[in-house]
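All remarks here apply to the structure that follows.
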Amino acid sequence: MDEVVKKDVLNVLSDVVKILNADEGKDVTELMELSNHTIHNASVFQDEDSVSIAILIYSLSKVIERKEGKMNYKVILKLIVDAKNTLEQNRIDAYRKLIRKLFDFISSLDSKLKLYIGEVINQA
């Protein structure tokens, strides 16, 4: 993974943790703004990790918007924190496995994951 991409992904994961931990609730607007940032970066970097994180953040914002109050944020937060920590340790393969687990979890909550993937690819 390119160092610039790695730094950006770490910043995005940190931002998601802050958003989901915020006392005022799960702010869909902030997640959508972050999603726009990640989609832009996916179009600039055009690599697997940038595209994956863009799809992840976009999907997460959509799921939270649709399922607010009906989902377990602890599972998502734990996986995101674990992914961030793993990436910080430069364990790229383990990081990617955790990202896949996040996609699996989101997919179990919302059957529209494939639609979200298409939307991100079109926007990027």
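The values are calculated or read from the model by the stated rules, or taken from the named source; none is laboratory data. Being a predicted model, the structure only gives us computed values, none of them experimental. Positions of Cβ are backbone-derived with ideal geometry, glycine not excepted, and every protein chain shown enters the neighbour counts. Remember, those area values only see protein heavy atoms, side chains included, never the ligands or the DNA or RNA. Shrake-Rupley method; radii C 1.70, N 1.55, O 1.52, S 1.80 Å.
Accessible surface ranking for ASP110, ASP15, ASP93, 1.4 angstrom probe, highest first: ASP93, ASP15, ASP110. Note down the net charge around ASP2, summing +1 for each Lys or Arg and -1 for each Asp or Glu among other residues with Cβ under 12 Å from its Cβ. That works out to -3. Could you tally the net charge around SER111, taking each other residue with its Cβ under 12 Å from the Cβ of SER111, Lys/Arg +1 and Asp/Glu -1? Summing Lys/Arg as +1 and Asp/Glu as -1 gives +4.
Each residue of region 34-46 was assigned a 3J(HN,Hα) from its phi angle through the Karplus expression (A = 6.51, B = -1.76, C = 1.60, θ = phi - 60°), giving 5, 4, 4, 4, 5, 5, 4, 5, 4, 6, 7, 7, 6 Hz with x at Gly and Pro. Taken one residue at a time, the phi angles of region 74-91 give Karplus couplings (6.51, -1.76, 1.60, θ = phi - 60°) of 4, 5, 4, 4, 4, 5, 5, 4, 4, 5, 4, 4, 5, 5, 4, 7, 6, 9 Hz. Gly and Pro are set to x. Listed values for region 96-103 are Karplus-derived 3J(HN,Hα) couplings in whole Hz (6.51 cos²θ - 1.76 cosθ + 1.60, θ = phi - 60°), namely 5, 5, 5, 5, 4, 4, 4, 4, and x replaces Gly and Pro.
Surface exposure of the chain, expressed per residue as accessible area with a 1.4 Å probe, stands at 53 Å².
Sorting GLU119, GLU33 by accessible area puts them as GLU33, GLU119; the probe is 1.4 Å, largest comes first, and only protein heavy atoms count.
Rolling a 1.4 angstrom probe over the chain with all protein chains present gives an accessible area of which 48% lies on carbon and sulfur atoms.
If you take every residue apart from SER14 with its C-beta less than 12 Å away from the C-beta of SER14, what net charge results, scoring Lys and Arg +1 and Asp and Glu -1? That works out to 0.
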